[in-house]
Amino acid sequence: MKQRKSNGLAVVATLVLGMLVIPPASFAQAPDPRLSPAVPQGGGFTSRPLLIAPVTGDDSKEFALIAVTLAPGASSPMHTHPGDCVGAVIEGDLDLVVDGQGAKSVKAGEGFHNARGLVHQFRNAGDKPVRLVTTIFYDKGQPRVQPLPAPQK
């Protein structure tokens with residue numbers, strides 16, 4: 001009898017372990033296409049959406065939480081958002097370039113706010129990487145980022 005009980009426990013333990021290690025295919029989820037970067041990547045600039053979610057109480061809005069990294073000398077494209085963009089520098093010193101206002105230094109531990117439609121760019125003029133996180137509150141169904149064409153040389 002003990003032998004049989006032991007085998008039964010071993011079978012149950014194996015099934016439970018198998019379910020934890022190899023989840024059934026029905027639990028697998030396809031990647032959310034909204035979590036793809038919305039601007040061109042490269043040249044030491046990367047932006048990676050971490051979360052996109054609705055704004056509670058306003059079905060016409062959603063927000064995106066985005067991790068951004070800039071290598072020394074790298075910059076984002078000039079761009080706007082169809083809503084407010086707030087963020088904080090986690091590491092390094094960022095130059096926040098705002099169209100018509102020049103550059104403002106934002107250091108690690110400091111935050112920034114870009115109003116809807118404000119043309120801006122992130123630059124790393126330093127010799128160390130810059131990491132920041134931004135949250136964009138935007139009109140649902142609209143592109144969260146609207147890159148501008150590079151200026152003609």
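No lab work stands behind these numbers, since they all come straight from the coordinates. All values reported here derive from a predicted model rather than from experimental measurement. Using ideal geometry, Cβ is built from the backbone for each residue, glycine included, and neighbour counts are taken over all protein chains shown.
How big is the Cα convex hull of the stretch 33-147 in projection, averaged over all directions, in nm²?
6.6
Sort 82-90, 53-61, 106-114, 67-75 by the packing proxy (mean of other Cβ within 10 Å over each peptide's residues), most packed first.
On the way: 82-90: 18.4, 53-61: 10.3, 106-114: 14.3, 67-75: 16.9.
In descending order of packing, they fall as 82-90, 67-75, 106-114, 53-61.
With charges only on Cβ, +1 for K and R and -1 for D and E, what is the dipole size of the stretch 108-153 about its Cα centre, in debye, rounded to 20?
The calculation lands at about 120 debye.
Using a Förster distance of 30 Å, how high is the FRET efficiency between LYS128 and ALA53, based on the Cβ-Cβ distance and rounded to 0.05?
0.40
What dipole magnitude, in Debye to the nearest 20, does the stretch 33-147 give about its Cα centre under +1 on Lys/Arg Cβ and -1 on Asp/Glu Cβ?
180
By how many nm would the segment from HIS113 to ASP84 lengthen if fully extended, with 0.36 nm per residue of separation less the alpha-carbon distance?
Length gained between HIS113 and ASP84: 9.7 nm.
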